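Since the structure comes first, as structure tokens, the remarks are kept for the end.
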Amino acid sequence: MIKVGIIGATGYAGAELVRILMNHPEAEIVWYGSRSYVDQKFSDIYKNFFKIVENVCKDDDFEALADEADVIFTATPQGYLGGILNEEILGKVKIVDLSADYRIKDVEVYEKWYGIEHKSPELIKKAVYGLCEVNREDIKSTRLLANPGCYTTCSILTAYPLVKERLIDPATLIVDAKSGVSGAGRGAKVANLYCEVNESIKAYGVASHRHTPEIEEQLGYAAGEPVVINFTPHLTPMNRGILATEYASLVKKADGSLPTNEEIKAAYDKYYADEFFIRVLGANQCPETRWVEGSNFVDIGFKIDERTGRIIMMGALDNLVKGAAGQAVQNMNIMFGLEETAGLKLMPVFP
């Protein structure tokens, strides 16, 4: 059995890690780390685990945990892991980090967008960006895994095949994305109170959201050149879910015609036909967050707009599963040579 430690176990993503790992055939949680709830029973904080998890929460003693666990998940704020991780710890234990500390390769870009100093920039080059369907081979051998964000996972996977196959002009890409409130975390914030969120939808982080450079960097690798996009996130009054609607100009063929529905679908199938967790819908079908809720699936659809010469790409996922904890477990499975779907064949929940 793989011995698992979780730092930040009482946040939404941490609790989702517990939910998934409790049903994992090859993993055992040995450490429920939570600075806010030390010595309290985990099931007293999340009553859905009553009579399922009897453990009490421990502190975030990373050194002690590194000696006890085979892998540590850090579902922590930005800057936490970057401030304590070192080569000695990495020599003892594998790390799957759900924060952004090691996602962006350019430390200056990270510090600009996140507004904090990176305390261990020398380790950034060791980290692998954990987008499973794109970087699987590199994930197999890494000890430091940078788990992608929820907006970024949805946004990148939705556009990746068309960027890679040069069917769209990435310089024209616009990403309009919506998230459920759990994406903002469990911390008490006035902006996330029921009365502030219910019966409303709002844009935020306009032209400044910190997931922007992460999307640009990864799509830049696919394009083979720097990519600059417009990314606008929105907060919607639902618990879970990401819906990304993306717009880009199609690249015309030599005869001046646009790619066909069949050619677009073939591009998606080239990269995703064998991917269990990516479900590419038929042309003109629109994904919905309700059909992926509680699961590790990503649903992707598209619509060609011949009138404007553009394509509308749409992706939906559960921000706490494929957008956080589920993808983290998927990465763990790859890192330890397990069946990639182990513990993750979660049926979407509806209604």
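Data table
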item: Residue count for region 121-134, restricted to those that are surrounded by 18 or more Cβ atoms within 10 Å (Cβ to Cβ) and either outside any loop (DSSP other than H, G, I, E, B) or free of Cβ contacts under 8 Å to residues at least 60 places away in the same chain (or both); result: 8
item: Selection status of Leu173, farther than 30 Å from Ala9 by Cβ and either of a type outside the set (Ser, Thr, Tyr) or touching an Asp or Glu at 6+ places or on another chain (Cβ under 8 Å) (or both); result: yes
item: All helices (runs of 4 or more DSSP H) inside region 1-84 with 3 or more residues being surrounded by 22 or more Cβ atoms within 10 Å (Cβ to Cβ) and touching a strand residue (DSSP E or B) at 6+ places or on another chain (Cβ under 8 Å); result: 12-21
item: Criterion violated by Gly309 - all others in (1) out of contact with any helix residue (DSSP H, G or I) (no Cβ under 6 Å at 6 or more places or on another chain); (2) surrounded by fewer than 18 Cβ atoms within 10 Å (Cβ to Cβ); (3) without any contact (Cβ under 8 Å) to a residue 60 or more places away in the chain satisfied; result: (3)
item: The one condition in (1) under 19 Å from Ala177 (Cβ atoms); (2) part of a loop (DSSP other than H, G, I, E, B); (3) touching a residue at least 40 places away in the same chain (Cβ under 8 Å) that Gly337 fails to fulfil; result: (1)
item: Positions within region 234-274 being under 20 Å from Val163 (Cβ atoms), of a type outside the set (Phe, Trp, Tyr) and within 19 Å of the chain's Cα centre (by Cα), in sequence order; result: Ile242, Leu243, Ala244, Thr245, Glu246
item: Residues within region 164-205 that are of a type in the set (A, V, I, L, M, F, W, C), more than 18 Å from the chain's Cα centre (by Cα) and either within 30 Å of Tyr37 (Cβ to Cβ) or surrounded by fewer than 24 Cβ atoms within 10 Å (Cβ to Cβ) (or both), tallied; result: 11
item: Of residues in region 102-116 being not in a helix (DSSP H, G or I) and not acidic (Asp, Glu), the one surrounded by the fewest Cβ atoms within 10 Å (Cβ to Cβ); result: Gly115
item: Some residue of region 269-277 being within 18 Å of Asp169 (Cβ to Cβ) and crowded, with 19+ Cβ neighbours inside 10 Å; result: no
item: Pair list, Cβ < 8 Å and 6+ apart or interchain, from region 271-284 residues that are in contact (Cβ under 8 Å) with a residue 40 or more places away in the chain to residues that are part of a loop (DSSP other than H, G, I, E, B); result: Phe276/Glu340; Phe276/Thr341; Phe277/Asn296; Phe277/Phe297; Phe277/Thr341; Phe277/Leu344; Ile278/Phe297
item: Evaluation of Ser182 against (1) in a loop (DSSP other than H, G, I, E, B); (2) under 22 Å from Val298 (Cβ atoms) (one fails), failing number; result: (1)
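One line per residue, one yes/no per condition, for (1) modelled with pLDDT of 95 or more; (2) on the phi > 0 side of the Ramachandran plot:
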| residue | (1), (2) |
| --- | --- |
| Lys3 | yes, no |
| Arg19 | yes, no |
| Glu28 | yes, no |
| Asp39 | yes, yes |
| Glu63 | no, no |
| Val93 | yes, no |
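The values are calculated or read from the model by the stated rules, or taken from the named source; none is laboratory data. The shown structure was predicted, so the numbers you read here are calculated from the model rather than taken from an experiment. Glycine also receives a Cβ, built like all others from the backbone with ideal geometry; neighbour counts cover every protein chain displayed.
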